[in-house]
Amino acid sequence: MMQKEIIWRCPSNIALVKYWGKKENQIPCNASLSLTLNHSFTEVSLTLDEKKEKGIELQYFFHEQPNEHFQKRILRYLEQNEGSFDILKDYSITIHSTNSFPHSAGIASSASSFGAIALALLSASEQQDENFYEEASNLARLGSGSACRSMYGPYALWGKLPQVSQSSDEFAIPILDIHPNFHDMQDAILIVDDSVKKVSSSAGHALMKGHPYADARFLQANQHCIEMLNVLAKGEYEQFITIIEQEALALHAMMMTSNQYFLLMKPGTIHAIEKIMEFRKETGTPIAFTLDAGPNVHVLYPGKDKLQVQDFLESELKGSIKEIIYDNAGTGPVKISG
Ligand code: PMV
């Protein structure tokens with residue numbers, strides 16, 4: 001049999017409106033909206049070989065090394081979704097995965113990894129049709145919820161909203177009406193702490209069940225998605241900043257008020273947030289922060305203010321943090337070969 005190599009590159013994304021809380025089968029409790037990154041991606045190479053045994057045959061390498069933890073997670077994902085990938089019946093598969101960014105850098109590696117794996121497996125199968133990205137988004141979601149949003153760039157929406165006709169809980173959709181003010185968004189990721197996550201996102205989502213503020217939070221996030229669609233279309237920086245900062249703090253407030261409460265912000269996180277707010281007040285530059293489920297700070301600003309903001313970050317914040325990773329809005333996944 002001819003060995004065919006399929007390579008896909010899938011970017012990570014940073015949520016502007018956060019997904020936190022899910023139902024059975026990775027269905028989100030609220031809609032979320034994200035910015036797709038450009039330089040932060042996972043590249044997956046998939047090769048197919050003749051099958052020797054019954055059942056799924058997977059060999060998984062992360063940066064050329066076998067990785068038992070990821071191997072198990074991906075095997076479980078394949079077992080749960082065997083019916084969706086017809087190649088698993090006939091072939092043994094080998095996956096080589098590499099990230100363009102450091103591990104535990106506060107960049108969602110599960111989003112880019114499951115995105116790239118779903119794309120590679122789907123494009124190797126016979127079942128492709130004109131809804132390829134929609135199907136890939138759905139399958140990526142089953143691996144990691146936020147991965148479904150990485151299929152489109154620069155902005156994607158995931159979750160059913162009655163006001164948005166194409167929206168769905170099962171896959172993300174691209175947001176097409178974007179004002180030029182938001183075409184060239186920059187994301188500087190301030191690495192405050194690069195240790196491994198204290199609480200997995202699955203455990204975090206689970207804590208929204210029975211959370212005293214859950215209903216109000218889900219309502220707020222859906223409302224923020226609707227507002228953000230309007231803000232992106234109209235080019236309104238001020239409201240953009242208010243929504244994303246409120247979202248970041250609401251996400252962490254949920255963590256801090258769940259029945260098993262926990263705190264992911266570090267002193268460096270607060271220091272960076274305060275500096276960002278001060279700089280915005282002094283200069284009027286439309287710069288804003290957001291947070292993922294961790295202590296690192298994503299700083300968002302338009303391309304036109306790039307030099308001024310980078311100057312500020314290097315002079316005022318670089319000394320008190322570990323590293324700054326400069327990224328920007330990307331256009332979504334790319335097929336490299338196959
Ligand atoms: O995709 P998951 O299950 O790792 O959850 C992601 C949760 C957040 O990153 C905190 C928010 C989001 O919408 O990406």
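The values are calculated or read from the model by the stated rules, or taken from the named source; none is laboratory data. The structure displayed is predicted, hence computed values, not measured ones. A quick note on method: Cβ atoms are made from the backbone with ideal geometry, for glycine too, and the neighbour counts reach across all protein chains shown.
Some observations on this one:
- From the list Lys275, Lys306, the lone residue that is under 30 Å from Cys148 (Cβ atoms), of a type in the set (Lys, Arg) and in contact (Cβ under 8 Å) with a residue 12 or more places away in the chain is Lys306.
- Number of the condition not met by Ala203 [criteria: (1) assigned to a helix (DSSP H, G or I); (2) in contact with a helix residue (DSSP H, G or I) (Cβ under 9 Å, 6 or more places away or on another chain); (3) under 19 Å from Ala111 (Cβ atoms)]: (2)
- Some residue of segment 117-125 being touching a Pro at 6+ places or on another chain (Cβ under 8 Å), aliphatic (A, V, I, L, M) and part of a helix (DSSP H, G or I): yes
- Note on segment 1-98: enclosed strands (runs of 3 or more DSSP E) holding 2 or more residues that are within 16 Å of the ligand (Cβ to nearest atom) and either free of Cβ contacts under 8 Å to residues at least 60 places away in the same chain or not aliphatic (A, V, I, L, M) (or both) are 5-17, 32-50.
- The selection criterion, being at pLDDT 95 or above, within 16 Å of the ligand (Cβ to nearest atom) and farther than 16 Å from Ile173 by Cα, holds for Gly143.
- Taking segment 171-181 as the range and being touching a Phe, Trp or Tyr at 6+ places or on another chain (Cβ under 9 Å) and farther than 12 Å from Gly153 by Cβ as the test, the residues that pass are Phe171, Ile173, Asn181.
- For segment 170-193, the count of residues that are in contact (Cβ under 8 Å) with a residue 60 or more places away in the chain, closer than 27 Å to Met256 by Cβ, more than 11 Å from the ligand (Cβ to nearest atom) and not in a strand (DSSP E or B) is at least one.
- For first residues located in segment 108-132 and away from the ligand (no atom under 11 Å from the Cβ), partners that are among the charged types (D, E, K, R) and part of a helix (DSSP H, G or I) and lie 6+ apart or on another chain with Cβ distances below 7 Å form the pairs Leu122/Glu135.
- Verdict on Ala233 being of a type in the set (A, V, I, L, M), assigned to a helix (DSSP H, G or I), more than 16 Å from the ligand (Cβ to nearest atom) and more than 30 Å from Ser320 (Cα to Cα): yes
- Those residues of segment 161-211 which are within 19 Å of Lys18 (Cα to Cα), crowded, with 16+ Cβ neighbours inside 10 Å and charged (D, E, K, R), in sequence order: Asp169, Glu170, Asp187
- Here is the figure for segment 307-338: residues that are charged (D, E, K, R) and not in a strand (DSSP E or B) total 5.
- Members of segment 255-293 found to be assigned to a helix (DSSP H, G or I), within 16 Å of the ligand (Cβ to nearest atom) and either more than 19 Å from the chain's Cα centre (by Cα) or among the basic types (Lys, Arg) (or both), listed by number: Met256, Thr269
- Residues in segment 294-313 that are farther than 18 Å from Gln246 by Cβ and within 16 Å of the ligand (Cβ to nearest atom): 3 in all.
- Any hit, segment 295-306, residues being modelled with pLDDT of 95 or more, crowded, with 20+ Cβ neighbours inside 10 Å and part of a helix (DSSP H, G or I): no
- Some residue of segment 45-61 being of a type in the set (Gly, Ala, Ser) and within 30 Å of Gln163 (Cβ to Cβ): no
- Test: Tyr155 is surrounded by 17 or more Cβ atoms within 10 Å (Cβ to Cβ), among the hydroxyl-bearing types (Ser, Thr, Tyr) and either within 16 Å of the ligand (Cβ to nearest atom) or on the phi > 0 side of the Ramachandran plot (or both): yes
- Checking every residue in segment 109-120 against the condition of being surrounded by 15 or more Cβ atoms within 10 Å (Cβ to Cβ), at pLDDT below 95 and out of contact with any helix residue (DSSP H, G or I) (no Cβ under 6 Å at 6 or more places or on another chain) gives at least one match.
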